[in-house]
Amino acid sequence: MTLATPDKETMDILLELGGEKLKICYQCGTCTGVCPWNLVRDFNVRKIVHQAQLGLVDFEDEDNWTCATCGACVKRCPRGGETIDVMKAIRKVVSEMGAGKVPDSLRISIKNIASLGNPQGEAPEKRADWAQGRDVKTFTPQTEWLYFPCCISAYDAKVKRMALATADILGKLGMDFGILGEKEKCCGESVRKAGGEETFQSLANTNIQTFTESGVKKVLVSSPHCYHTFKNEYPELGAEFEVVHTTQLWAQLLEEKKLNFSREVKKKVVYHDPCYLGRHNDIYDEPRRVLEAIPGVELIEFEDSKQNAICCGGGGGRIWMDTPKGERLCDWRLEQAIELGADVLAVACPYCMLNFDDSVLTLGKEDTIEIKDVSELVLEAI
Amino acid sequence: MDKKLGVYICGGCSIGDSLDLDKVSEVATKEYKVEICKTHPFLCGKEGAQLIAKDIEDGVNTVVIAACSPRAQQEIFSYDSGVVLERVNLREHVVWSHTPQDENTQMLAEDYLRMGLAKAQKVFPAEPYQEAIDKTILVVGGGISGMTSAVEAAKAGYEVCLVEKSPSLGGWMSKLYKQYPKHPPYQQLEDTGIEAKIKEVEGNPRIKVFTGAEIEKTSGAPGMFDVLVKQNGNQTSLRIGSIIQATGFRPYEANNLDHLGFGKYPDVITNFQMEELAQQGKIKRPSDGKEVESVAFIQCAGQRDENHLPYCSSFCCLTSLKQALYVTEKNTDASVYILYKDIRTPAQYEDFYKRVQEEQAVFFTKGEVEGISEGGGCLTVEVEDTLLGEKIGINADLVVLAVGIVPNSMPEEAKKATAEAESSGEKCEEAAERAADSGFYASPALQLKYRQGPELPTLKYGFPDSHFICFPYETRRTGIYSTGCVRQPEDSATCIDDATGAALKAIQCVEQSSKGMAVHPRTWDQTYPDLFMQRCTQCKRCTEECPFGMYDEDEKFNPLPNPTRCRRCAICMGSCPERIISFKDYSVDIISSMLKAVEVPEEDEEKPRVIAFLCENDAYPALDVAGINRLTYNPYVRVIPVRCLGSINIVWIADALSKGIDGIIMIGCNYGDDYQCHFIKGSELANYRMEKVQETLQRLVLESERIEVWQLSISEYDKLPKIFDDFLETIERVGPNPYKDF
């Protein structure tokens, strides 16, 4: 029997591709213990990291694509390990060096993004269609806010309610905002997590160039994924604009008394922290402040909330991949919300909304619970 | 000395509200005819303290204070050594743990005062044992520990003699290429610094160094040891106050590790051999001199393995981390594999572990080594990797076994256990297994002329028995302190701390001895055992049972006490069937008098009486804590504190039972492998002796349930009420002592 022997070359490549912190893992297993996947299926994070440490990665393994980059393990790692970087490095070796096979649906989505600027493969010129019938103007250098809807909230027939609610609120408050429509391209956040570094670089550079040329100073986003990459990754590539998530803006306007509620929304609402707003960017309080301010809303909490929130399963490129029924974190989370007796599961991320909408449908819970963006609830109360 | 008693009853801390203090006073004034008996509402206040001080000025020489626990307000209630003090615990043991204004509580308080008075009448001031004490400290072993102890003791102003067996000082540290970081930020390897330490020792005028020397004989006792040192065929006689044994360790015998290829493949070496290789420049493998490109370290080579060393040797993980850097620093292309069970890098050494992990060429994997083979010009280590779920193979030019250490005290043969087993016809191994201590004496180092044996008693892994929970430096020979790797496996930084501590203990010993005080743990105690030799029957119980080898013996088997070796536990007093061993404030007679002072109600009153002998070290303070927490228990128990459960003389049991006491409960410290007994063997001995009491009970036609022995640690105070209440239930079931109305 031939034994596997540690492969220094492979490990060096992984280190070079961004897994610098790979070495400091001491295999305590905390990551596996906190990984939400293990609520619905087996997923041994420690094993993958240790395989990477020894250069013994099986690049054909489908589990290389499982991590939703929710960051639960990163928050808890006693060594300050960056598990997500390790996953990213492995995926880069597969997608950019051809060491294994990229799952079909992911490959197609990334291809679509690279060619058309959106994962759905929709025409760029249709990007502004969601706003039809609304008075949403095109951004000019004189416009104060650029509203940047995520590809999903721009194109998805259901999720676009998120963008619509946002535009309606801005309109009602008389705020000066505009969109860039077909000039907008996918932010690339998930593309990067899925190992598509080159595509990400190209998307980011294009977006930065567009924004700069258009004179964008302040960007309002609905997606925590856009927020994350605009705020934390784009500046390294030369971006110089302010980025604000809708929940942050609503909270600020409330405080400034510019946003006032006049109608009651008598609902029991549970708020689901998006990983990229919460754990990745430490925004926990603003969405809650907004929800609490809505007359009639009874805000309840998940047992696992804020830092311990359970991922919907949509990050890290997972949103473009199939997850078998029975292994869907969003189903698990939805059940949790229903058990709490919530009328509304409030979200603040288009990925979460897409996933939960799907869960409601496939689990047949349409009469039990509604999925709403925080902005939708705000709009109802104005 | 004529006794002049003064009794002072405090009414504070709710004592006055709970008891009829006038009636309590009458115990002193009417029953015991004490002339001076005063009650004060706040005895520990300025006025109360002055009240007592004034009476002492006027001639009171025995003060009985009935107030709080003797553990409380010690600074206020402390007097000249000529004044006898007896504290009666009315607060924690009476009013805080029993129903106020109750007949039974009142009886309890009165009994405690009777017992205190009975004792006070028989206690006399200590007359300290004072001989000419030499304060020179002998250090045996010239490694990092021994040298540190020597330097620290000398710096504190003491003369030191340092004896080292080998021709030069330095020990194992001088054989190292480098040491792992000992200073923040714990990133870089350091020089060992051993040369500077040797110079410091050799340059210190207070330290007299004997290298190439051994101890031929050690006789005497702390403060007056006579040590014969042999050096180059010459003998030097030294007068020594206390001794530090820092005789170090030896590496575990790697020839026992043939399953890891040692002895079979020349390129399998030990971590100690790796130091030698590193000192020679480039690291070349022994078989053909090729510069190594890959090295595998096998951690726990023999350690934490029941077949080899069952314990962790504590430094080997760090040593391999350090040696990994030897490899990568000397050859930047080389790879290192560290195969471990668990990496153990305590405290700040974690930072060094992290630093080595970050080294790109160093791989770590947890796993069990299955085997090692040779082929293709290198060795292959087969690892059953517990984390990947599959076996992996590591190809290496050199395999380093991280072997552990064996203390140099490891006995060569089972002297004591063998002798015992032979006489009882038992198998030697079983005898060794049964004994809480190994039953072995350390291999030769000190050559003690003690009746009990020639070296320190050892524990099961060959380390000298020390009170590892509470008093780690103390061996079972007063004034002899073990330190460094002979005491426990430790790294050089810990050795340095440890050796400094041992130096302080050695100093404490000579200072205490010079004042005629016990060294440890009863550091205030100036009493010592007094033997009434006319009645000695040479039964040897005291000489055998003293855990500290205090007694030597003459040719007629008479015990010869060495008071400076004594810890004042009074285990000998408990052992003596002739009851000839006494202390000024603690004797068979004193406790018997206390027992007899307890009023035993007649049978039809249905008020049973139980005596509780509580160890002063844990059980008695635990009962105080129970009182502080207002835990309640039945009022029929009368507590008598004892220095150690081992000091309980069986005659007290007979005295109590014949007086009509219904039951006796004894509560001491945990014994066995993880013993907590301050006197190591006392609690265990008491348990053993009480088994023998069964015979006495049968002779008296009494039930064996009347006696219980318990083990309790101080933190288990909350268990005491139940222990007492359950025992009273047992007594009620068994019925009253038939001797009650005699």
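Consider A:ASP58 against the criteria (1) under 24 Å from the mean Cα position of the chain (by Cα); (2) farther than 22 Å from A:ASP168 by Cα: it satisfies all of them except one. Which criterion is unmet?
(1)
Could you grab me the full set of residues in the range B:502-529 that are free of Cβ contacts under 8 Å to residues at least 60 places away in the same chain and surrounded by fewer than 17 Cβ atoms within 10 Å (Cβ to Cβ)?
Correct list: B:THR523, B:TRP524.
Which residue out of B:SER587, B:SER582 is of a type in the set (S, T, N, Q), under 24 Å from B:ILE680 (Cβ atoms), buried (at least 17 other Cβ atoms within 10 Å of the Cβ) and without any contact (Cβ under 8 Å) to a residue 60 or more places away in the chain?
B:SER582
Report those helices (runs of 4 or more DSSP H) wholly inside the range B:642-742 carrying at least 2 residues which are out of contact with any Leu (no Cβ under 6 Å at 6 or more places or on another chain) and of a type in the set (Ser, Thr, Tyr). Before you say what the answer is, go through the steps one by one.
On the way: elements: B:650-659, B:682-699, B:720-734.
In the range B:642-742, B:682-699 are the helices (runs of 4 or more DSSP H) which contain 2 or more residues that are out of contact with any Leu (no Cβ under 6 Å at 6 or more places or on another chain) and of a type in the set (Ser, Thr, Tyr).
When you go through (1) part of a helix (DSSP H, G or I); (2) within 30 Å of B:TYR461 (Cβ to Cβ) one by one for B:ALA626, which number turns out not to apply?
(2)
Yes or no, residue by residue, for (1) assigned to a strand (DSSP E or B); (2) touching a residue at least 60 places away in the same chain (Cβ under 8 Å); (3) more than 30 Å from the chain's Cα centre (by Cα):
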| residue | (1), (2), (3) |
| --- | --- |
| B:SER166 | no, no, yes |
| B:TYR186 | no, yes, yes |
| B:ILE198 | no, no, yes |
| B:GLU214 | yes, no, no |
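Among the numbered criteria (1) in a helix (DSSP H, G or I); (2) surrounded by fewer than 20 Cβ atoms within 10 Å (Cβ to Cβ); (3) assigned by TED's automatic domain parsing to the domain that holds B:TYR8, which one does B:THR99 miss?
Every condition holds for B:THR99 apart from (1).
Run down B:ASP674, B:ASP655 and say which single residue is out of contact with any Gly (no Cβ under 7 Å at 6 or more places or on another chain), farther than 19 Å from B:CYS470 by Cα and modelled with pLDDT under 95.
Step by step, each of B:ASP674, B:ASP655 is checked, and only B:ASP655 is out of contact with any Gly (no Cβ under 7 Å at 6 or more places or on another chain), farther than 19 Å from B:CYS470 by Cα and modelled with pLDDT under 95.
Collect the residues in the range A:212-225 that are in contact with a helix residue (DSSP H, G or I) (Cβ under 8 Å, 6 or more places away or on another chain) and either hydroxyl-bearing (Ser, Thr, Tyr) or closer than 12 Å to A:ALA348 by Cα (or both), keeping them in residue-number order.
A:SER214, A:VAL221, A:SER222, A:SER223, A:HIS225
Taking A:PRO119 as the residue in question, decide whether it is away from every other protein chain (no Cβ under 14 Å) and either in contact with a His (Cβ under 6 Å, 6 or more places away or on another chain) or on the phi < 0 side of the Ramachandran plot (or both).
yes
Got at least one residue in the range A:87-97 being surrounded by fewer than 22 Cβ atoms within 10 Å (Cβ to Cβ) and within 12 Å of chain B (Cβ to nearest Cβ)?
So far as the range A:87-97 goes, no, none of its residues is surrounded by fewer than 22 Cβ atoms within 10 Å (Cβ to Cβ) and within 12 Å of chain B (Cβ to nearest Cβ).
I'm trying to understand the selection: among the residues of the range A:42-76, which are under 20 Å from B:VAL362 (Cβ atoms) and outside any helix (DSSP H, G or I)?
A:LEU54, A:GLY55, A:LEU56, A:VAL57
Scanning the range B:237-272 for residues that are more than 36 Å from the chain's Cα centre (by Cα) and not in a loop (DSSP other than H, G, I, E, B), which turns out surrounded by the fewest Cβ atoms within 10 Å (Cβ to Cβ)?
B:ASP258
Residue by residue through the range B:40-96, note down the ones that are among the hydroxyl-bearing types (Ser, Thr, Tyr) and in contact with a strand residue (DSSP E or B) (Cβ under 7 Å, 6 or more places away or on another chain).
Once the filter is applied, which keeps residues that are among the hydroxyl-bearing types (Ser, Thr, Tyr) and in contact with a strand residue (DSSP E or B) (Cβ under 7 Å, 6 or more places away or on another chain), the range B:40-96 yields B:THR62, B:SER69, B:TYR79.
So in the range B:347-359, with the set limited to residues that are of a type in the set (A, V, I, L, M, F, W, C) and either closer than 18 Å to B:VAL292 by Cβ or in a helix (DSSP H, G or I) (or both), which one is nearest to the other protein chains (Cβ to nearest Cβ)?
Filtering the range B:347-359 down to residues of a type in the set (A, V, I, L, M, F, W, C) leaves B:347, B:352, B:356.
Within this subset, residues satisfying the condition of being either closer than 18 Å to B:VAL292 by Cβ or in a helix (DSSP H, G or I) (or both) are B:352, B:356.
Values: B:PHE352: 13, B:VAL356: 9 Å.
Filtering the range B:347-359 for residues that are of a type in the set (A, V, I, L, M, F, W, C) and either closer than 18 Å to B:VAL292 by Cβ or in a helix (DSSP H, G or I) (or both), the one nearest to the other protein chains (Cβ to nearest Cβ) comes out as B:VAL356.
Taking the conditions exactly as written (surrounded by 18 or more Cβ atoms within 10 Å (Cβ to Cβ), more than 13 Å from chain A (Cβ to nearest Cβ), within 25 Å of B:TYR265 (Cβ to Cβ) and in contact with a helix residue (DSSP H, G or I) (Cβ under 7 Å, 6 or more places away or on another chain)), does B:ALA334 satisfy them or not?
So B:ALA334 fails the test.
The values are calculated or read from the model by the stated rules, or taken from the named source; none is laboratory data. Values in this document were obtained by computation on a predicted structure and should not be read as measured data. Don't worry about glycine lacking a Cβ; one is built from the backbone with ideal geometry, like all the others, and counts go over all protein chains shown.
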